[in-house]
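Worksheet for the structure shown next.
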Amino acid sequence: MALEGYSLGIQRLDDVVGPVPPGTNILIIGPPMSSKDVLLMQMAAYAFMNKEAVIFISTNIPGNKLVDMLHDIDGFDEEKIGIVDCIARTLGIMSPETDLIQMASSPVDLTGIGVRISKYFEDFYMRKGIKKIRLIMNSLSTILMYSNIKTVYRFLHVFTGRTRSADALGLFGIESDMHDEQTLSTLKQLFDGVIELKIEGDKEYVRAVGFTPKPTEWVLLEEGGGD
Amino acid sequence: MLETGIPKLDKLLGGGIPRGRTLIYYAYPGVEGKVFGMQTLYNHLKKHHSAIFLTTSCSPTPLFKELKEFGWNFFAYLGEKFRVIDSYSPFIGTKDELGIPMDETEVIESYTLHLLREMENIGEPTLVVVDSLSTIMDLCGEYETLEAVREWNRYAKIHEHVIVYNFTAWPYSEDVLQELKENTFEATIMIGGIAERVIFGQYFGLLKAEWTPAERKSVLFKVVRPGGIRVYVPKIVVTGPHNAGKSTFIRALSTEAVSVDRLGTTVALDRGHVEYKGLSVDLFGTPGQERFDPLLKIIGGEAMGVFLVVDSTKSRDFVRAKQMLESIKAYGLPFVVIANKQDLPDALSPEEIRERFSLPRNVDVIPTIASDGVGVFEALERLVDRIMEDGINEGGV
C-alpha cells in the first residue's frame, strides 16, 4: 500500500505546494535571524499531531534543551522522537545516551551521526512500525563549519538517499549568508525542492522552489515566524 | 598473532593479525564500524601491550569517557606505552591534555610525521589504531591520503608494527574505494548493513586476509553496552496458510524444536533452533489461521527474514497465502517461498506457483518435501544468503 504524501505543516506553503511525495528531501534556506528554525519546529509539531515519527539532528542546540522546547507541543510523544545531538559532547556534556537522545562525538563525526540516524530509522520503521518519518536537521551550516563541501556532499548524498528509500521526508536547514553561491548550488542538487526565506524591512517572506513548474510567489510569514 | 578482541573475527583471520601486517575495518555509512577499531585497541591494551591511537573526530577525554559505556577504561593505560595522537582538538581550536596535539591537521605530511615518530619512539613492535581514515581523507584529500597510507604501511612492515584503520566508505572516488578494499591493506573486513527500506541488521565479513584463505561468510552482529561487538543470531519467521506444513518444515530443519499443538494443528507458536554449516538460526512459526494475524504482526516486526510455506496442491489456499505475502512485504523483509508437499499428486511446480503469485524472477520459490526433509536446508541457505546479500552486493548500504 502506497504511503500518502507529507504535508509540511506550514499552511501557506501547503496551500501552494500540496502534500509532497514520500521520499522527498527539502533544503530550507534562510538568512540569520529568519524564522528558519521556527519553521522546522512547526514542521516537527505537525508530525507529532499526525503521529509521524521525527528524527531530529541538532547541530546547534543541545539535545536536552531541544527536548524542553519540544515537550510542550501538542502530541509530543517520546516514543516517536529521536534526537541526534551533535553538539553536547563538544560542550563537555557527558550525560549518557538514552532512547530519546543519542550523542554524536562532534559535528565532524559524520560517521557517528550517520550511525545514529540509521538506528532511529530502524527503531521507528522496523520495531515500532511507524512508516511516516520526518528527518529534520536544524543546521547544515554548523556541519559545513567543520567539514568541507565535498565531505558534506558525500554525507548528504548517502542520507538523502536513505530518506528516499525509507519513504521519509527530509528537511534540512541552512543559513543563506554563511556560504557562497557555489556551495549552495552544489548542495541544492541533492534536494527535490527548496524553501527560501527572505527578510525585507521588518517583514519576512517565504517561497517554494522546485515543487511547481515555476517558483511560487513570495508569501508573507506572519510576525513571529510561521502561521 | 595480535587478536582483534572479537573471537569470531579472530577465527576468520586464522587467529588474529600477524606482526607487520595492516588491516582495514571497511564500514558502510550508518553501521557501527568505529567500535571494531576501539575494541581491537582495548583488547590489546588490556593485555598490557603498547599501542598508539590516532583520533581525528573526537578529543580523547570525551571519547574515552564515552567508551566507558562499553566497560572499557582507556584512562587506566595512558602513559609511555599508550600514546594518543590528537588531531581533532587542535582542528577545532580546543585543548585536551590527554593527547599529543597535532598541528596542520589539513596537511597529510603532518599525520605521517606524527605517526612515524611515535612508532619509532615507542621502541617495540606495537599496535597502531587510526580512527578514522575517512576523516583524514576528508581533510587532506583522497589520493594524498592513499599515498601516505602506503608509506605508513611500508614502515609498519619493516618495524613489525600492526596498523588497524577504521574507515567509513562514503561515496569517494570509485578507484580509491577499490584500492582501499582490495590492494592497500593485507586484510579487509567488510562491515555492512542489511537493508530493505531501512537498515535493520549489521554484519561483518572477511573480504581478504593475505595470511589465511578468506572464508566468504558474513556474521551478523550487534553492539552491546557494556561488551562491544556480539555475534547475533537472526530470527526467521515461518508463516503460511493453515496446514501448509510449517511445523513439519521447522522440525525438519531444527536441531531442537518445540511446538504447541492441539488436534494436530498449531494453535500457539512453533520454535526451532538450527545449527547448520556455521549458521546459527532461530525459527519462529506462526499459526495459519486468520485470527492469529496480530501474532504475525508482533513476530514479524523483529524478524530478519521470512519463509512463506504453501501446500503446492491446495491452490484454493493461495488467496490466503497471498494476503500473508502482502503483510510480509509491508515489513520490507527478505523472503523465500516454500513450495511444499512436492511428492503429492497434483502438486503445482515452483514455476506454476511463481506465476500464480505473480512473483518476479528474483524471488526464490524452493520445492520441498518437508516431511522427508527434502529441500529444507537449500531453502535455509537461500534465505540466509538473501538476508546477507542485500547488504553485501553492490556495496550494500
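Have a look at the stretch B:148-260 and give its Rg and Dmax from the Cα atoms, expressed in angstrom.
Final numbers for Rg and Dmax: 20.6, 66 Å.
Would you mind telling me the antiparallel percentage of the DSSP bridges in chain B, rounded to 5?
45 percent
Highest first, please rank the peptides B:199-209, B:244-254, A:84-94, B:216-226 by the mean number of other Cβ atoms sitting within 10 Å of their residues.
Highest-to-lowest ranking by the protection proxy: B:244-254, B:199-209, A:84-94, B:216-226.
Tell me the label-point distance for the pair B:Asp385, B:Arg230, using the 7 Å Cα-to-Cβ offset, in nm and rounded to one decimal.
Between B:Asp385 and B:Arg230, the simple spin-label model gives 3.1 nm.
State, to one decimal in nm, how far the label point of B:His159 lies from the label point of B:His49, with both points 7 Å from Cα in the Cβ direction.
1.6 nm
What does the net charge come to around A:Ile73 if you take all other residues with beta carbon closer than 15 Å to its beta carbon, with K and R at +1 and D and E at -1?
That works out to -4.
Counting only other chains, and only Cβ atoms inside 10 Å, what mean value do you get across the residues of A:122-132?
Mean partner shielding for this stretch: 4.
Please give the per residue volume of the convex hull enclosing the alpha carbon atoms of chain B, rounded to a whole number of Å³.
Taking only Cα atoms, chain B has a hull volume of 147 Å³ per residue.
Roughly what would the spin-label model give for B:Glu69 and B:Lys11, points 7 Å off Cα along C-beta, in nm?
2.8 nm
Please give the peptides B:166-174, B:52-60 ranked by average Cβ packing (other Cβ atoms within 10 Å per residue), highest first, as a rough proxy for protection.
The densest-packed peptide leads the list: B:52-60, B:166-174.
Based on the Cβ-Cβ distance from A:Lys65 to A:Met178, what FRET efficiency comes out when R0 is 30 Å, to the nearest 0.05?
E(calc), rounded to 0.05, equals 0.85.
Please work out how much length the chain gains when fully extended from B:Ile92 to B:Ser358, using 0.36 nm per residue of separation minus the C-alpha to C-alpha distance, in nm with one decimal.
So the chain would gain 90.1 nm between B:Ile92 and B:Ser358.
Whole Å is fine, so just give me how far the alpha carbon centre of the stretch A:169-185 lies from that of the stretch A:32-54.
18 Å
Count charges around A:Gly114 for me, please; just the other residues with Cβ under 14 Å from its Cβ, Lys/Arg as +1, Asp/Glu as -1.
Net charge around A:Gly114: +1.
Let me check against my output: what whole-number percent is the relative contact order of chain B, with C-alpha pairs under 8 Å and at least 6 apart?
Rounded, it is 15 percent for chain B.
From other protein chains only, count the Cβ atoms within 10 Å of every residue's Cβ in A:90-96, then give the mean.
For peptide A:90-96, the averaged partner shielding equals 3.
State whether the stretch A:29-106 is rounded, prolate or oblate according to the following rule on the C-alpha gyration tensor (a ≥ b ≥ c being the square roots of its eigenvalues): a/c under 1.5 gives rounded; otherwise a/b larger than b/c gives prolate, and the remaining case gives oblate.
Because a/c hits 1.5 or more and a/b fails to exceed b/c, the stretch A:29-106 counts as oblate.
Restricting things to alpha carbons, tell me how big the stretch B:24-79 is in terms of Rg and Dmax, in Å.
Every Cα atom of the stretch B:24-79 included, Rg and Dmax give 11.5, 33 Å.
Tell me, Kirkwood radius of the protein assembly as shown from alpha-carbon pair distances, in Å?
In the protein assembly as shown this quantity evaluates to 26.4 Å.
Would you please state the base-10 log of I(q)/I(0) at q = 0.10, 0.13 1/Å for the stretch A:11-221, with intensities from the Debye formula using one equal scatterer on every alpha carbon?
The Cα Debye sum returns log10 ratios of -0.40, -0.70.
What stretch of chain A, leaving out the sites themselves, is the longest with no GluC sites (Glu not before Pro) in a DSSP loop having at most 13 other Cβ atoms within 10 Å?
The answer is A:5-216.
Quick check on packing: order A:66-74, B:108-116 by the mean number of other C-beta atoms within 10 Å, highest mean leading.
So the order, starting with the most tightly packed, is B:108-116, A:66-74.
Just the Kirkwood number for the stretch B:7-231, please: inverse of mean 1/r across all distinct Cα pairs, in Å, one decimal.
17.7 Å
Other chains near B:192-203: what is the mean number of their Cβ atoms within 10 Å of each residue's Cβ?
The shielding value for this peptide is 5.
Based on the Cβ-Cβ distance of A:Lys51 and A:Ile93, what FRET efficiency does E = 1/(1 + (r/R0)^6) give at R0 = 45 Å, to the nearest 0.05?
Calculated value: 0.90.
Per DSSP helix of 4 or more residues, -39500 (n - 2.57); summed, then divided by the residues of the protein assembly as shown. What does that give at 222 nm, rounded to the nearest 500?
-10000 deg cm²/dmol
Bear in mind that the values in this text are calculations on the coordinates, not laboratory data. Since this is a predicted model, take the numbers as computed values, not measurements. When we count neighbours, we look across all protein chains shown, and the Cβ atoms used for this are built from the backbone with ideal geometry, even at glycine.
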